[in-house]
1. Restricting to region 152-196, what's the tally of residues that are of a type in the set (Gly, Ala, Ser) and within 17 Å of TYR98 (Cα to Cα)?
2. Within region 114-125, is even one residue under 21 Å from ASP184 (Cβ atoms), assigned by TED's automatic domain parsing to the domain that holds GLU255 and hydrophobic (A, V, I, L, M, F, W, C)?
3. Across region 197-212, which residue is farthest from SER97 (Cα to Cα) among those that are surrounded by fewer than 20 Cβ atoms within 10 Å (Cβ to Cβ) and free of Cβ contacts under 8 Å to residues at least 60 places away in the same chain?
4. Give me a count of the residues in region 134-155 that are charged (D, E, K, R), loosely packed, with under 11 Cβ neighbours inside 10 Å and farther than 21 Å from GLU174 by Cα.
5. Looking at ILE113, is it surrounded by 16 or more Cβ atoms within 10 Å (Cβ to Cβ) and in a loop (DSSP other than H, G, I, E, B)?
6. Would you be able to tell me the number of residues in region 125-159 that are part of a strand (DSSP E or B) and in contact with a helix residue (DSSP H, G or I) (Cβ under 8 Å, 6 or more places away or on another chain)?
7. Output the helices (runs of 4 or more DSSP H) that fall wholly within region 164-276 and possess 2 or more residues being within 16 Å of ARG111 (Cα to Cα), or say none.
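The values are calculated or read from the model by the stated rules, or taken from the named source; none is laboratory data. Here the structure is a predicted model, which means the values were calculated and not measured. Note: ideal-geometry Cβ built from the backbone for every residue, glycine included; neighbour counts use all protein chains shown.
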Amino acid sequence: MHTTSTATTSRFLAVMLIMAAALAGSVNLAVSDTLDAQAGKTEISKVLRADFRHRPPEMVFDGQYSRMISPLKDILEEAAARTGYSIHWTNRPFARSYEELQTGAIDLVPRTIRNQEREAFVAFLGPIATQRRDILFLVRPGEEGRIQSYEDLYDMTIGVKRGTAYFDRFNQDELLQKIESVDDTNMAQMFIHGRFDTMVILDQSAIEIALEKLGHSEYSYAHYRYLNEIGNYYGMSRQSPHFHIYDDLNKSLLEMVESGRIREIYEAHDLLSELE
């Protein structure tokens, strides 16, 4: 009787040890899976989402091969790499990027003009340069004299790019008759088809390339222009899940300015004149 009890107890203990070992293995496997998942999550979080747009000569999108060619792209990728991050780029119109900066759906956008309105949802990285960019008004040949001063704009319909900041008075003037377009190509098409009298231009080379691609050369510039200097900034969404790296990323960019690396990259793209 005693022998049977002892055997039963031994079998019970053996079963318990087997179960304990199996449980320990499951726990270790679960911990391992959790750590692997956390590592994967950390790796994914090291990718910043940035928007690109066709804005020659500093940003060129080659639609045939889906290539993005730009010193601004190269600069941001190098600055991000210095902080342990990489960049995932998406090509889309600035109007869409502007909306996504507000929500944090995108982290970064190159060439974001700094103004008070945007400070609420964008933190500005840089500037990597200060550039002379006068605001021009494109008109039809023979109509250059229609705009001699700002006040002449009240008698005209004006094409503007949605989300673009020009200069404070113009941006905030609700009495002007502004007609929005989504990008340079759209605005050029609207001008050709007579949708407005003039269009306000921040990026002269970009609109001229758009008009040339559409086979249109019948245009000129009004006598009036707004003298303008802008800082070349990257905009970072204040809602970005990576906003905690803002200081490190900004430090990397400014160090590249100080070392002359920015000029080297622009020179490699044969665009050194764009820094002036």
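1. Qualifying residue count, region 152-196: 3.
2. no
3. If we take residues in region 197-212 being surrounded by fewer than 20 Cβ atoms within 10 Å (Cβ to Cβ) and free of Cβ contacts under 8 Å to residues at least 60 places away in the same chain, then GLU212 is farthest from SER97 (Cα to Cα).
4. 0
5. yes
6. 8
7. In region 164-276, 204-213, 246-259, 261-268 are the helices (runs of 4 or more DSSP H) which contain 2 or more residues that are within 16 Å of ARG111 (Cα to Cα).
Yes/no per residue for (1) under 21 Å from SER205 (Cβ atoms); (2) part of a loop (DSSP other than H, G, I, E, B); (3) more than 11 Å from the chain's Cα centre (by Cα):
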{"site": "ASP51", "(1), (2), (3)": "yes, no, no"}
{"site": "PHE61", "(1), (2), (3)": "yes, no, yes"}
{"site": "LYS73", "(1), (2), (3)": "yes, no, no"}
{"site": "TRP89", "(1), (2), (3)": "no, no, no"}
{"site": "ALA123", "(1), (2), (3)": "no, no, yes"}
